[in-house]
1. Of the residues that sit in segment 60-92 and are farther than 18 Å from Thr50 by Cβ and small (Gly, Ala, Ser), which one is surrounded by the most Cβ atoms within 10 Å (Cβ to Cβ)?
2. Could you please find all residues in segment 138-162 being of a type outside the set (S, T, N, Q), open to solvent by less than 20 Å² (accessible area, probe 1.4 Å) and under 19 Å from Glu112 (Cα atoms)?
3. Which residue pairs have Cβ atoms closer than 7 Å, lie 6 or more positions apart in sequence or on different chains, and pair a first residue in segment 213-241 that is closer than 30 Å to Gly43 by Cα with a second residue that is of a type in the set (Ser, Thr, Tyr)?
4. Between Gln234, Gln189, which is more than 30 Å from Phe130 (Cα to Cα) and either of a type in the set (Gly, Ala, Ser) or surrounded by fewer than 15 Cβ atoms within 10 Å (Cβ to Cβ) (or both)?
5. Quick test of your reading of the structure: Lys44 fulfils all but one of (1) under 30 Å from Ser166 (Cα atoms); (2) at pLDDT 95 or above; (3) surrounded by fewer than 16 Cβ atoms within 10 Å (Cβ to Cβ). Name the failing condition by number.
6. Assuming Ile177 fulfils every condition listed in (1) under 30 Å from Ile40 (Cα atoms); (2) open to solvent by less than 10 Å² (accessible area, probe 1.4 Å); (3) in contact with a strand residue (DSSP E or B) (Cβ under 9 Å, 6 or more places away or on another chain) apart from one, which condition is it?
7. How do the pairs read when you match residues in segment 17-46 that are at positive phi and among the acidic types (Asp, Glu) with residues anywhere that are open to solvent by less than 60 Å² (accessible area, probe 1.4 Å) and part of a strand (DSSP E or B), using Cβ under 6 Å and keeping only pairs 6 or more apart or on different chains?
8. What is the residue count in segment 93-131 for residues that are surrounded by fewer than 20 Cβ atoms within 10 Å (Cβ to Cβ) and over 15 Å from Gly57 (Cβ atoms)?
Amino acid sequence: MVAQRPAVIIVQPTDNAALAQPLRAANAAGIPVVAYDQYISGGKLAAYVTSDNRQAGYLNGEYLAAQFPPGKTLRLILVEYPHVSSTVERLEGFLDALRERQRSYQVLRRYEAVQPAEGRAAAVALLRDFPAPGSIDAVFTVNDGGGLAIVDALDKAGRQEIMVASIDGDPQSVENIRAGRLTRIDSAQFCGPLGAQAMRHAEALARGRPVPQHTLLPVFPVTRDTLSRYPGWQGPIPASFRKSWPSSQPYWNNLPQNTP
């Protein structure tokens, strides 16, 4: 793409490091690069558009904290993926919310999953490691790619006592919330608006206009109470509203955050 000398390049990285050298080549050629969803570690991006991943985890944490009696220590399973910035930020936001809500917790075990096959393997290990009903209070999964397989396995094993918090807004996860099937909250990305914002920045750069270097789009907390407000992945981003659970930020804000 650099050899073709386009006015601008848009890319959705799937690995923080893999595109560092090509980005530096684009920098040397004077071609602006817009990345969305994931960052590139190395080189300089003209614009970076992503979901507010820390907010996604934070919303899950504050909502889950409100589902248990005061003083209870939450027995947690974490299903993480420490290889890309987005999933790391989600986990950090989740744990920050528990701490800020003064909810004590115990991490019973960590598993790694971000794809369905990994989720199925994690579910087998989880049920092997914790076979007794009531031994786990909640499971946090960093995305629905791995998380949906875990919900399916727990449901088939009759472990409906476990609360699940996840991220992405996959339609199946939303349906699980609607049906009361383990998942209590899913912080949903707005995939349509995310791509649209990347394209708007790319057009502006191609025309020589300045754009914010970093744009964070809000994520939406899908719960039984907010289902009627959620339009789905393609958006549009709905209006701000007051949360029905305790929060240090009582209103969910629908505005993107830009940094120069």
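1. Selected residue: Gly61.
2. Ala138, Val139, Phe140, Val142, Asp144, Gly146, Gly147, Ala149, Ile150, Val151, Leu154, Ile162
3. Gln213/Tyr48; Gln213/Thr259; His214/Tyr48; His214/Thr259; Leu216/Thr50; Leu217/Ser51; Val219/Ser51; Val219/Ser187
4. Matching residue, one of Gln234, Gln189: Gln234.
5. (1)
6. Unmet condition: (1).
7. Going by the 6 Å Cβ cut-off, the qualifying pairs are Asp37/Thr50.
8. Adding up the residues that qualify gives 19.
The values are calculated or read from the model by the stated rules, or taken from the named source; none is laboratory data. This structure is a prediction, so every number in the text was calculated from the model and none was measured. Methodologically, a virtual Cβ is constructed for each residue, glycine included, from the backbone with ideal geometry; neighbour enumeration extends over all protein chains shown. For accessibility, only protein heavy atoms count, side chains too; no ligands or nucleic acids. Shrake-Rupley method; radii C 1.70, N 1.55, O 1.52, S 1.80 Å.
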